Each structure stands twice: as C-alpha cells, then as structure tokens.
Amino acid sequence: GQDLWLTDASIPRRNAEGRVIGSLGIMLDITERKRAEVRAQAFASIGEFMPRVKSPREAAEAIHEAANKLFRFDACNITMYDSSSDIITSLLMQDLVDGERVDLTHDAPPDCPTPFGRTVLYEGSQLILRKAADSSGPMKGIGTKNQRSNSLMFAPMRRSQGPIGYISIQSYSYNAYSERDLADLQALADH
C-alpha cells in the first residue's frame, strides 16, 4: 500500500550465438533518498517564504503548500490557538468536495478546542489509522459531513510559551500515513 521510488539498470543476456534470450537487471529502492529530497525542498520553500508573511493566513498557506509536497491528503486544517481566551481558530481548512479540494475556512467559527484538540495541543502529535469496521473515534472529517477520514495526523505548533495551534492532515484512504509521516508533520509544525 505504500509508494516506492525505484531505479533500475539492465543488460541483455545473450546465448552463445549472440541472440538475446533475456535480460539481467538490478532494481534499487531509493525511496528514502527521494523522501529526503522532497522533505528538503518543502522545508526550503517554507523557510524562504515565512520571513515575508504578513498575516497568519499567509503563514497557513505556506504550511499548506509544504504539506502538499510531503503528503497525499484529502483534508487539511491549520489552526491558531489563543491560550489567553482558550479559542482555536481555523486559518486554513480544506476538504474534498466532488473530487476537488475546497476552502471551507469560513465554515469554521472560532471555538474552544475539543477534548481531542487539547490532547494534541498539550500532549503532542497523534496518528489515527482507522480500520474498515471501526465506526468509533474522536472526530469526523474536516468539512465533508458524510465522509469519514480514515487516516489522520495531528501535530501541535508551539513557541516557548506553549501551543499556538496545530496542523491536521487527513485522508479518506485507510493506512495512508505512518509514524515516519507523523514525525515529518511534527517537523513541519516545529519549523
């Protein structure tokens, strides 16, 4: 169920008369190298853009663009948390509607964090991989009310004084993410 990057090389195999009767080849898994390249590009782009942002929404857009390079996702929510008022605000919320990502930020009024949102903010990143028969769980999809996210990642964004929001990346596919993906999302949130 995972995508791999492969490189291969082959040469013809010949018989005594010089006719090609097959080939000899080798295939190498270069997935880790490609992941590292994509990750470096994503972090470089956010590092170049962040010093020039003029608003929290622009920062969320830069985070979204970097996340889009790192992960396949159907839905995304990037929030800002104000601990003094205990309010969470969606800066950028997207979900799949009729096969296309649609901005639903205007549909999410500021509110108190959910109990699960508090867990992410104060206890750290979370990975939820639902099973096909599992109808339980702490949350529904981000914006699509009739479709459940089956693979979910959450990572808090923090400053020295505490949490300032979180990033949520979700897929309607099963087993779309791994612990390594969660670590990459947390690195993006930390960045």
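The values are calculated or read from the model by the stated rules, or taken from the named source; none is laboratory data. Keep in mind that this is a model prediction, so the values were computed, not measured. All Cβ positions, even for glycine, are placed from backbone atoms using ideal geometry, and neighbour counts span all protein chains on display. For accessibility, only protein heavy atoms count, side chains too; no ligands or nucleic acids. Shrake-Rupley method; radii C 1.70, N 1.55, O 1.52, S 1.80 Å.
To put it simply, the accessible area of the chain at a 1.4 Å probe is 51 percent carbon and sulfur. Here the Karplus curve 6.51 cos²θ - 1.76 cosθ + 1.60, taken at θ = phi - 60°, turns the phi angles of segment 81-94 into couplings of 10, 10, 5, 5, 9, 6, 10, 10, 10, 6, 8, 8, 10, 10 Hz, with x standing for Gly and Pro. Test of understanding: in a Gaussian network model of the chain with alpha carbons linked when under 10 Å, which of Ser23, Ser83, Ser171 would top the mean-square fluctuation ranking? Checking each option, the largest mean-square fluctuation is seen for Ser23. Structure remark: mean-square fluctuation, Gaussian network model of the chain, C-alpha springs under 10 Å; the largest value among Glu32, Glu17, Glu100 belongs to Glu17. No solvent, one uniform scatterer per C-alpha: report log10 I(q)/I(0) for segment 1-80 via the Debye equation at q = 0.22 1/Å, two decimals. Scattering profile of segment 1-80, log10 relative to I(0): -1.03. Note that segment 1-134 presents 64 Å² accessible area per residue, ligands and nucleic acids not counted, probe 1.4 Å. Once the Cα-Cα distance is subtracted from the 0.36 nm per residue extended length, the Leu24 to Ile11 segment shows a gain of 4.1 nm. Checking (i) 0.97; (ii) 1.13; (iii) 0.93 against the coordinates, the calculated Rg/Rh (Cα atoms, Kirkwood Rh) falls under label (ii). For segment 15-50 versus segment 76-95, the inter-centroid distance based on Cα atoms is 38 Å. Shown is the FRET efficiency for Asp98 and Asn68, computed with R0 = 22 Å from the Cβ-Cβ distance and rounded to the nearest 0.05: 0.70.
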